[in-house]
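Starting off with a structure, shown below.
The values are calculated or read from the model by the stated rules, or taken from the named source; none is laboratory data. Values in this document were obtained by computation on a predicted structure and should not be read as measured data. With ideal geometry, Cβ positions are generated from the backbone for all residues, glycine too; neighbour counts draw on all protein chains shown.
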Amino acid sequence: MGIGVNGWPRTAEDLGRWEHSGQVAITGYGVSNLDRRWDGVSMDKTYGAYAIQALQRAIEDSGISPDDIDGLMVCPDAAGDSWAADDRGTPRSYFDPPYDSEDGLTIVTTNWLIKGMEREGTPLKNLTFIDDESSSIGQLTGKAAQAVGEGKARNLLMLYGMGNVEGRYHLEEGNYSSGGRVWSAPWGWMTSAMMQHAFVFMQYCTKYGGSHDNLAPFVVNQRRNGLMTPWGYYAQHEQYQITIEDYLTQRYVAWPNGLLDSDRPVNHVAAFLFSTADRAKDMKQKPIYVLGHVQAAHPSKSTMATLEDHEQWTDSLARRLYEAAGARGPEDLDVFNPYDGFATFTQTYLEAFQWHGVKRGDAFDFYAGDIRVEGPHPFNSSGGNLGNGRTRTAMYTDIIEQLRGIAGPRQIQLRHDTGACGQVTPGGNGHIFLSVHQNL
Amino acid sequence: MPKTIPVANELTKPFWDAINEKRLVLQHCDDCGKLQYPIRPKCWQCGSEHLGWREVEGKGHILETMVVHDTRVVRRKGDVPFNVSVVSLDEDPTINFLANLPGTPAHEAPQGAAVEILYEEMEPGTFIHDWRIVS
């Protein structure tokens, strides 16, 4: 318990191929039900209840016994607001156990989960490795793979979710700012990546030409792909396709960013089982091998990072991930689901990885082509956050489904042997490279 | 515009004290010579903790401008739509600031325009810096 993972994070240059490349596999996954918000009443729809549901479904998908699970890793913080007070600051009461604190409502710790799994009849009795210190799924997936590669666990369940309770998301009340917010809040700069990336996006348009309108085909296609993901927010709750016209006439939040550039917070959890390659060969599902993972953490030089910073950082990221996986480059990457938490920065990743030959400044022309899943450039086949709600996990489940060949109407028609995705922003993220082969 | 009022701490107090005197002072690294803003415990460039203060001239240029139409910062809700520009400092263009450009209507901030610092009194004796376009 609480054992450190030695070779993590992988943030440095020239680390070479990942030392455990092909020796770890994703052998199961599970997604919970999904709601726009927890209603504050339904105790079978809490963040914690959905976490247990996701774990149970991942175990079921993998076909192994809970007794075989010896590792558990979660990101406790679900990134939403707390339950302690509503968005106007009015205190709210907790509930009877196990919902007598934030744990289980808006966060979920390994301690809470272990008790919950026992309560729900799927006890994890043989855990020897537990970790709940990671901050995002981008970090978490790499750390889970590293832990299994280092032998900390043979079958490690990894859980990530996004919570959302009633009320306006992340309001900042009061007349004063403190801490790091003194450098941004007074001028109305929100705590969101939205405005940082709106700034970099405008620099992008100035440097390469084009405008916010050029994102329309990408955002429309993300919704289309999301509508083909049965458990996603839009497939369940808003079953209509948006149009280019919808995009061009959307309501702006922080121009050039509008509502349709922004992912909608949801209440949802996903779980993934990472196993040793030896163990994976005898399991129910086709192993999806982890060939490499890398992370990035870059402090901004000043108030805002610039386009130049983001391009340098993501160039490094792509170079290091291909190297970690033993890949030649974009010619070895079949399924690519870069993050789209805001539509304005996805092209930064697309161009860095040069997927389908897209180089710096090419993204708008690429978006204007055929990027549908059935076409020649099936970009972001998951639909991402924009197509599914702010799950941050749809990119991962899509790659697993594409590589297994079970993506249904989203199944791409090209080779689908490898995939890559990650979270979150160019300044801080983790990415993973997956394959049906142990070696390329 | 009713900006939120910064609360200084031990590290940032010299900066805000200078702002209250209508002076712009930035951190200066004694080891690598780099200027630094926002204020931090260490130099972002070289990691040194040997940081002093240096007064700079409040002149800059607009890099890009966003326009806030809806905000989570409740105190600013009555101001929408308003400009939020990123302004680079002429003395060191790697240093940038946020600006609302008082006097310039939303969506009318010209990219690349020259700006100068101004000081707005938020409470008696408590100022905050902003930037305005110079003709």
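Going through A:195, A:117 one at a time, which residue ends up being within 14 Å of chain B (Cβ to nearest Cβ), on the phi < 0 side of the Ramachandran plot and either in contact (Cβ under 8 Å) with a residue 60 or more places away in the chain or not hydrophobic (A, V, I, L, M, F, W, C) (or both)?
A:195
Tally time: how many residues in region A:272-317 are of a type outside the set (Ser, Thr, Tyr) and in a helix (DSSP H, G or I)?
Residues in region A:272-317 being of a type outside the set (Ser, Thr, Tyr) and in a helix (DSSP H, G or I): 13 in total.
Yes or no, residue by residue, for (1) within 22 Å of the chain's Cα centre (by Cα); (2) closer than 30 Å to residue A:286 by Cα; (3) among the acidic types (Asp, Glu); (4) crowded, with 19+ Cβ neighbours inside 10 Å:
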site	(1), (2), (3), (4)
A:10	yes, yes, no, yes
A:14	no, no, yes, no
A:37	yes, no, no, no
A:44	no, no, yes, no
A:62	yes, yes, no, yes
A:68	no, yes, yes, no
A:77	yes, no, yes, no
A:93	no, no, no, no
A:99	no, no, no, no
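Could you tell me which numbered condition residue A:122 fails, if it satisfies all but one of (1) within 14 Å of another protein chain (Cβ to nearest Cβ); (2) modelled with pLDDT of 95 or more?
Of the numbered conditions (1) within 14 Å of another protein chain (Cβ to nearest Cβ); (2) modelled with pLDDT of 95 or more, the odd one out for residue A:122 is (1).
Going by the conditions given, is residue B:103 small (Gly, Ala, Ser) and either touching a helix residue (DSSP H, G or I) at 6+ places or on another chain (Cβ under 7 Å) or under 28 Å from residue A:308 (Cα atoms) (or both)?
Answer is no for this residue.
Also: Go through region B:24-67 and count every residue that is assigned to a strand (DSSP E or B) and within 12 Å of another protein chain (Cβ to nearest Cβ).
Of the residues in region B:24-67, 11 are assigned to a strand (DSSP E or B) and within 12 Å of another protein chain (Cβ to nearest Cβ).
Can you go through A:429, A:385, A:380 and tell me which one is in a helix (DSSP H, G or I) and modelled with pLDDT of 95 or more?
A:385
Looking at (1) within 7 Å of chain A (Cβ to nearest Cβ); (2) over 12 Å from the mean Cα position of the chain (by Cα), can you tell me which one residue B:91 breaks?
For residue B:91, the exception is condition (1).
If a residue must be touching a Leu at 6+ places or on another chain (Cβ under 7 Å), in contact (Cβ under 8 Å) with a residue 12 or more places away in the chain and surrounded by 16 or more Cβ atoms within 10 Å (Cβ to Cβ), how many such residues does region B:21-73 contain?
Final tally of qualifying residues: 12.
Do any residues in region A:311-322 that are crowded, with 22+ Cβ neighbours inside 10 Å have Cβ atoms under 6 Å from those of residues that are of a type in the set (Val, Ile, Thr) and modelled with pLDDT of 95 or more, where the two are at least six apart or on different chains, and which pairs are they?
Pairs found: A:314/A:348; A:320/A:294; A:321/A:294.
Looking at A:425, A:418, A:397 in this structure, which one is touching a helix residue (DSSP H, G or I) at 6+ places or on another chain (Cβ under 9 Å) and either closer than 21 Å to residue A:28 by Cβ or without any contact (Cβ under 8 Å) to a residue 24 or more places away in the chain (or both)?
That would be A:418, the only listed residue that is touching a helix residue (DSSP H, G or I) at 6+ places or on another chain (Cβ under 9 Å) and either closer than 21 Å to residue A:28 by Cβ or without any contact (Cβ under 8 Å) to a residue 24 or more places away in the chain (or both).
So, residue B:115, is that one farther than 15 Å from residue A:198 by Cβ, buried (at least 24 other Cβ atoms within 10 Å of the Cβ) and away from chain A (no Cβ under 11 Å) or not?
For residue B:115, the condition - farther than 15 Å from residue A:198 by Cβ, buried (at least 24 other Cβ atoms within 10 Å of the Cβ) and away from chain A (no Cβ under 11 Å) - is met.
Then there's this: Which one is nearest to the other protein chains (Cβ to nearest Cβ), of the residues in region A:298-318 that are more than 30 Å from residue A:401 (Cβ to Cβ) and among the aliphatic types (A, V, I, L, M)?
A:304
A further question on this structure: Being in a loop (DSSP other than H, G, I, E, B), within 21 Å of the chain's Cα centre (by Cα) and of a type in the set (Val, Ile, Thr) is the filter; apply it to region A:107-158 and report the residue that is surrounded by the most Cβ atoms within 10 Å (Cβ to Cβ).
A:108
Just wondering, is there one or more residues in region A:244-253 that are touching a Ser or Thr at 6+ places or on another chain (Cβ under 9 Å), in contact (Cβ under 8 Å) with a residue 12 or more places away in the chain and either more than 12 Å from every other protein chain (Cβ to nearest Cβ) or not hydroxyl-bearing (Ser, Thr, Tyr) (or both)?
Yes.
While we're here: Quick one: residue A:366 ticks every box in (1) crowded, with 23+ Cβ neighbours inside 10 Å; (2) without any contact (Cβ under 8 Å) to a residue 24 or more places away in the chain; (3) of a type in the set (Phe, Trp, Tyr) except a single one, so which number is it?
For residue A:366, the exception is condition (1).
Which number in (1) at pLDDT 95 or above; (2) within 24 Å of the chain's Cα centre (by Cα); (3) surrounded by fewer than 18 Cβ atoms within 10 Å (Cβ to Cβ); (4) within 14 Å of another protein chain (Cβ to nearest Cβ) marks the one condition that residue A:238 misses?
Condition (4) is where residue A:238 drops out.
Could you pull out the residue among A:183, A:189 that is in contact with a Leu (Cβ under 8 Å, 6 or more places away or on another chain), free of Cβ contacts under 8 Å to residues at least 40 places away in the same chain and facing chain B (nearest Cβ under 8 Å)?
A:189
Let me ask something else about it. Please indicate, with yes or no, whether at least one residue in region B:76-85 is in a strand (DSSP E or B), crowded, with 16+ Cβ neighbours inside 10 Å and within 7 Å of chain A (Cβ to nearest Cβ).
yes
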